[in-house]
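Encoded as structure tokens, here's the structure I'll be asking about.
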Amino acid sequence: MDGGKKFLWQGVIRHYREYLPIKKDDCIVTLLEGNTPLIPSRRLAAEIGKNTEIFFKFEGLNPTGSFKDRGMTVAISRAKEEGASAVICASTGNTSASAAAYAARAGMKAIVLIPEGKIALGKLSQAMMHGALVVQLEGNFDEALEIVRALGEKYKVEIVNSINPYRIEGQKTASFEICDVLGQPPDQHFLPVGNAGNITAYWKGYKEYNAKGKTKSLPHMNGFQAEGSAPIVRGYPIKNPETLATAIRIGNPASWKSAEAARDESEGVIDMVSDDEIVKAYKYLGRNVGIFCEPASAASVAGLFKMKEKGARFDGQKIVCTLTGHGLKDPDNAIKFSEPTLKLPAKIDTVVNALQLEKR
Ligand code: AN7
């Protein structure tokens with residue numbers, strides 16, 4: 001790259017310090033998150049338009065396997081500056097995994113409230129492995145967040161959900177990275193929407209770079225909710241949200257208003273995709289692109305397919321789709337939606353027969 005010169009990535013706070021509210025260097029809690037790859041796909045680009053370019057911002061390659069680490073490093077570092085000893089969050093899984101890891105790193109206690117039976121196995125194992133106090137709540141994410149808000153007000157525990165503004169500050173660094181790599185923002189940005197913190201953060205990041213004069217344009221922000229959990233699209237909170245993409249099984253997003261602002265200011269859309277459309281995109285990414293993301297992440301690509309089918313034209317445009325979490329988070333869905341494996345006796349003839357390979 002630069003003549004063998006060492007390039008040491010030091011995490012999003014140190015890399016984007018002038019844009020972030022962390023003052024004390026010795027309070028930075030980092031697992032060197034960020035600097036995730038922007039992976040091109042010519043194959044998908046050819047399906048979407050003429051001279052279209054498509055890139056996946058693969059956030060599954062963060063330390064705990066999702067984009068949440070970008071916001072968590074800032075929220076936990078800030079909590080450390082303020083002398084906190086415990087943090088709390090409600091989560092559909094990824095926030096709890098990230099909070100647990102960064103709290104462990106900081107020597108803090110983490111308390112996580114998750115909807116019982118509705119989080120992917122990998123995420124549950126992470127929160128447990130990092131030593132968080134895991135509460136499986138008999139309720140959904142929205143109910144868990146309400147309880148967390150009340151506890152944070154009355155007790156000595158820092159909330160690290162995205163209602164904590166430092167989470168949004170950290171997450172906006174994904175936009176910076178995209179602009180730094182592409183030179184300019186893309187024309188279109190696609191991402192899944194759950195609690196709506198990420199679309200808020202991306203838009204903030206794009207606008208800040210623009211205001212600083214680092215970029216000259218702004219992308220259209222296109223967010224996608226799951227059909228059974230689509231309060232912003234429908235215009236009212238969903239009491240019993242459902243979707244197999246449990247990460248975005250959220251009926252009353254905390255950043256509802258700012259997501260609408262991102263949509264309107266950027267002249268983008270917030271729409272919904274069905275579970276079938278999500279699964280189709282999830283499998284497409286695994287089989288045709290070589291990226292294993294979790295189902296919720298595939299909502300971004302499902303949304304792109306949907307817009308294309310409805311007649312949108314993307315010829316000559318640059319498109320970025322954020323893939324928010326790694327596929328290994330949710331092994332149950334991966335296995336459920338794949339071809340069954342072959343089971344064979346350990347006999348060469350049987351294996352040869354079953355595989356039907358061509359002779360050399
Ligand atoms: C993989 O972990 O809300 O719209 O509690 O895990 O910013 O909420 C996760 C959300 C998309 C939606 N993709 O982002 C949580 C949680 C993945 C996610 C979203 C989530 P937001």
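Here are some residues: 113, 145. Which one is touching a Cys at 6+ places or on another chain (Cβ under 8 Å) and buried (at least 21 other Cβ atoms within 10 Å of the Cβ)?
Matching residue, one of 113, 145: 113.
When you look at residue 121, is it exposed (fewer than 15 other Cβ atoms within 10 Å of the Cβ) and touching a helix residue (DSSP H, G or I) at 6+ places or on another chain (Cβ under 9 Å), yes or no?
yes
If you go through segment 259-311, how many residues are of a type in the set (S, T, N, Q) and either within 15 Å of the ligand (Cβ to nearest atom) or surrounded by 18 or more Cβ atoms within 10 Å (Cβ to Cβ) (or both)?
Final tally of qualifying residues: 3.
Condition first: among the charged types (D, E, K, R) and farther than 17 Å from residue 139 by Cβ. Now tell me which residues in segment 234-258 satisfy that.
The answer is 234, 257.
Can you tell which of 75, 100 is in contact with a His (Cβ under 7 Å, 6 or more places away or on another chain) and small (Gly, Ala, Ser)?
That would be 100, the only listed residue that is in contact with a His (Cβ under 7 Å, 6 or more places away or on another chain) and small (Gly, Ala, Ser).
Which condition number does residue 243 fail, the rest of (1) closer than 29 Å to residue 180 by Cα; (2) crowded, with 16+ Cβ neighbours inside 10 Å being met?
All conditions are met except number (1).
Given the criterion under 24 Å from residue 70 (Cβ atoms) and within 15 Å of the ligand (Cβ to nearest atom), identify the matching residue among 126, 136.
It is 126.
Within the group 168, 178, which residue is away from the ligand (no atom under 16 Å from the Cβ), of a type outside the set (S, T, N, Q) and surrounded by 20 or more Cβ atoms within 10 Å (Cβ to Cβ)?
So the residue among 168, 178 that is away from the ligand (no atom under 16 Å from the Cβ), of a type outside the set (S, T, N, Q) and surrounded by 20 or more Cβ atoms within 10 Å (Cβ to Cβ) is 178.
OK, next. Looking only at segment 149-159, decide whether some residue is within 23 Å of residue 325 (Cβ to Cβ), crowded, with 23+ Cβ neighbours inside 10 Å and under 23 Å from the mean Cα position of the chain (by Cα).
no
Which residues, counting only those in segment 318-360, are over 26 Å from residue 46 (Cβ atoms), open to solvent by less than 100 Å² (accessible area, probe 1.4 Å) and in a loop (DSSP other than H, G, I, E, B)?
Listed by number, the residues that qualify are 330, 344, 345.
Sticking with this structure for a sec: Here is a list of conditions, (1) surrounded by fewer than 18 Cβ atoms within 10 Å (Cβ to Cβ); (2) of a type in the set (A, V, I, L, M, F, W, C); (3) in contact with a Pro (Cβ under 6 Å, 6 or more places away or on another chain), and residue 46 meets all of them except one; can you say which number that is?
Only one criterion in (1) surrounded by fewer than 18 Cβ atoms within 10 Å (Cβ to Cβ); (2) of a type in the set (A, V, I, L, M, F, W, C); (3) in contact with a Pro (Cβ under 6 Å, 6 or more places away or on another chain) is unmet by residue 46, namely (3).
Can you tell me how many residues within segment 204-227 are under 16 Å from residue 262 (Cα atoms) and either away from the ligand (no atom under 14 Å from the Cβ) or open to solvent by 10 Å² or more (accessible area, probe 1.4 Å) (or both)?
Going residue by residue through segment 204-227, those that are under 16 Å from residue 262 (Cα atoms) are 204-211, 217-225.
If we keep only those that are either away from the ligand (no atom under 14 Å from the Cβ) or open to solvent by 10 Å² or more (accessible area, probe 1.4 Å) (or both) too, we end up with 204, 206-211, 217-220.
Residues that pass the stated criteria total 11.
Can you tell me which residue within segment 27-53, out of those that are part of a helix (DSSP H, G or I) and touching a helix residue (DSSP H, G or I) at 6+ places or on another chain (Cβ under 9 Å), is nearest to the ligand (Cβ to nearest atom)? Explain how you work it out, then say what you get.
Pass one, segment 27-53, residues part of a helix (DSSP H, G or I): 27, 42-48.
Adding the requirement that they be touching a helix residue (DSSP H, G or I) at 6+ places or on another chain (Cβ under 9 Å) leaves 27, 43-44, 47-48.
Details: 27: 24, 43: 23, 44: 19, 47: 23, 48: 21 Å.
Result: 44.
Output the residues belonging to segment 54-85 that are assigned to a helix (DSSP H, G or I) and open to solvent by 10 Å² or more (accessible area, probe 1.4 Å). Before you say what the answer is, go through the steps one by one.
Within segment 54-85, the first condition is being assigned to a helix (DSSP H, G or I), and the residues that meet it are 59-61, 68-81.
Answer for segment 54-85, where residues must be assigned to a helix (DSSP H, G or I) and open to solvent by 10 Å² or more (accessible area, probe 1.4 Å): 61, 68, 78, 80, 81.
Here's something else I'd like to know. Filter segment 69-93 down to the residues that are within 13 Å of the ligand (Cβ to nearest atom) and more than 20 Å from residue 156 (Cβ to Cβ) and list them by number.
69, 70, 71, 91, 92, 93, listed by residue number.
The values are calculated or read from the model by the stated rules, or taken from the named source; none is laboratory data. For clarity, every value in this text was computed on a predicted model and none was experimentally measured. Using ideal geometry, Cβ is built from the backbone for each residue, glycine included, and neighbour counts are taken over all protein chains shown. Just so you know, the surface numbers come from the protein's heavy atoms only, side chains and all, with ligands and any DNA or RNA stripped out. Shrake-Rupley method; radii C 1.70, N 1.55, O 1.52, S 1.80 Å.
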